[in-house]
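This report concerns only the one structure given below.
Just so you know, all these numbers are worked out from the coordinates, no wet-lab data involved. Computed from a predicted structure; not experimentally measured. Cβ placement follows ideal geometry from the backbone for every residue including glycine, while neighbour counts extend to all protein chains displayed.
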Amino acid sequence: MVRRIAVLGSTGSIGTQTLDVVRRHPEKLEVVALAAGRRVREVFAQVEEFNVRAVALGMAADDFAAAGADAPEGVELGFGSQAVADLVKLPEVDVVVNALVGAAGLVASYETLRAGKVLALANKESLVVGGDLIMPLAARVDAARRAAGEAPAHGPAGALMPIDSEHGAIYQCLIGEDSREVARLWVTASGGPFRGKKRADLRGITAEQALAHPTWNMGPKITIDSSTLMNKGLEVIEAHHLFAMDYDQISVVVQPQSAIHSMVEFSDGSVKAHLGTTDMRIPIQYALSYPERWDAPVAPLDFTQLGRLEFAAPDTETFRCLALARAAGEQGGTLPCAMNAANEVAVAAFLAGEGTYLGIAECVEAVMDACDVQAVESIEQLLAVDAWARNAARERIR
Ligand SMILES: NC(=O)c1ccc[n+]([C@@H]2O[C@H](COP(=O)([O-])OP(=O)(O)OC[C@H]3O[C@@H](n4cnc5c(N)ncnc54)[C@H](OP(=O)(O)O)[C@@H]3O)[C@@H](O)[C@H]2O)c1
């Protein structure tokens, strides 16, 4: 059966790679809706290629008019965050690929599961911010899929499929295992472009230097997060929610070759690792093909060329964002939401040349200190905390 997908963030790194997976499997996947931010010409070219009617742009209608681009004939075009969230509810959508960047993806993740659809999730910030609301919804969709006979006979029911390569790896290592026998999740990190550097070496780092990631080619926000290790901190929180693991059972290990995408350690000391070529089309495709496996979208890993595999503990004194994110996750409630928003503001300021590289962690810590942490109750509450934290962060850019 053809899976009909909505791709949110279709012009970005994950979005364009998702469309490449669709190109390779046109008999199995059909794009029925697209959402993007400002790259209007790119999204309209995608509309023509994939013959899509439903499109949402994150920008305001006035900005679109000012840009002077003509929408292709027959396209139903919506504007703003509500239009993006509405797209996921269309009856023709089976699976939503959420490849938006930042907390802007939260409402779309929430509405996808509320509508009973499968969520293929790249937007890790959704879980960091709203995991307490999203995971119960995912459990509800899983139960509905089981009741309707739509879930596979063995393994998870597949309502929430992680696209992050680390979480896709753990997801696969856990299949067929008893969750009570899982001792530890090992989340691997490349270490980023500044691996081995100390704080003194990081003063005066420019955006251009921080954007040069050694193993992955990604959008600017996640590339900066990878260099500060905030990305790994967000992934620890994501793993906590996705796999219902306590934080003291989630460890980070630096694996500079990025060949091991993550590992699961069991109670008898056995460890399962997931390896593969460093190409996001593999985890994207798995999130869309589960429980099946389709032909590889890229050449598989050639172990004779790999050379060696190295491992090291992360340096959380230099890369403080990892420790800050873990602390936010451990305290829980609305703190991860505030932490994430502060990071988004500080990263944007750094990219715009308005803040320093080391100032990112300082800003995040200051906003965390100022946050009045509450239990998570609703999406509206999280949006209010996000807005408060963004204002607080803007006053603390340094
Ligand atoms: N890239 C990777 O390899 C990778 C790996 C694992 C996880 N992820 C996660 O995947 C997500 C996307 O990352 P990325 O690297 O693909 O980012 P990216 O290249 O910056 O793409 C972001 C996409 O979101 C769109 N967008 C931004 N704001 C929007 C808004 N308000 N409304 C509608 N669309 C909006 C952008 O549209 P315009 O460009 O048209 O403005 C673009 O299509 C992030 O959460 C990231 O952490 C990425």
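Largest first and in whole Å, the equivalent-ellipsoid semi-axes of region 146-188 read 21, 14, 7, each the square root of five times a Cα gyration tensor eigenvalue.
The aspartates and glutamates whose alpha-carbon is closer than 14 Å to the alpha-carbon of K117, local same-chain residues fewer than 8 away aside, are D86, E92, D94, D142, E150.
Gain on full extension, evaluated as 0.36 nm per residue between D369 and A66 minus their Cα-Cα distance, stands at 104.9 nm. Here the alpha carbons of region 313-368 define both size measures, Rg and Dmax, at 11.2, 32 Å. Taking other C-beta atoms within 10 Å as the exposure proxy, V97, V88 rank V88, V97 from fewest upward. Secondary structure note: in region 1-111, about 0% of the DSSP beta bridges are antiparallel.
Do any of K198/K221; K28/K272; K198/K272; K232/K272 go past 27 Å between their Cα atoms, and which?
Correct reply: K28/K272; K198/K272.
Its residues counted as N, region 76-151 yields a C-alpha radius of gyration over 2.2 N^0.38 Å of 1.07.
Per the Debye formula on identical point scatterers at the alpha carbon atoms of region 20-133, with no solvent, log10 I(q)/I(0) at q = 0.17, 0.22 Å⁻¹ is -0.84, -1.31.
For the chain, the share of DSSP beta bridges that are antiparallel, to the nearest 5, is 25%.
Ranked for footprinting exposure by Cβ neighbours inside 10 Å, fewest first, M135, M263 give M135, M263. Are there any helices in the chain, counted as whole DSSP H runs, that stretch 20 Å or more along their axis by Cα and score at least -0.5 on average by Kyte-Doolittle, and if so which? Membrane-span-like by this rule: 124-147, 335-351, 379-394.
Just need the Rg to Rh number for the chain, please, alpha carbons only, Kirkwood Rh.
My calculation of the ratio gives 0.95.
Report, as a whole number in µm² per second, the diffusion coefficient that Stokes-Einstein gives for region 332-398 at 37 °C and 0.692 mPa s using the Kirkwood radius over alpha carbon pairs. Rounded, D is 284 µm²/s.
Summary: within the chain, the longest segment free of GluC sites (Glu not before Pro) located in DSSP loops with at most 15 other C-beta atoms within 10 Å is 178-291.
Can you give the local net charge around A296? Use residues other than it whose beta-carbon is closer than 12 angstrom to its beta-carbon, Lys and Arg +1, Asp and Glu -1. Within the 12 Å Cβ shell, the charges total +1. What net charge do the residues around E42 carry, taking every other residue with its C-beta under 13 Å from that of E42, with Lys and Arg at +1 and Asp and Glu at -1? Result for the neighbourhood of E42: +1. Going by neighbour counts of Cβ atoms within 10 Å, the residues S226, S126, S190 line up, fewest first, as S190, S226, S126. Dividing the Cα radius of gyration of region 238-309 by its Kirkwood radius returns 0.99 for Rg/Rh.
For region 202-278, the convex hull spanned by the alpha carbon atoms encloses 118 Å³ per residue.
Between Q331 and A144, the FRET efficiency from the beta-carbon distance, with R0 = 35 Å, is close to 0.60. In this simple spin-label model, placing a label point 7 Å from the Cα along the Cα-to-Cβ direction at both D248 and Q305 gives a separation of 4.4 nm. Both radii were evaluated on the Cα set of region 120-241; the Rg over Rh quotient, with Rh as the Kirkwood radius, amounts to 1.06.
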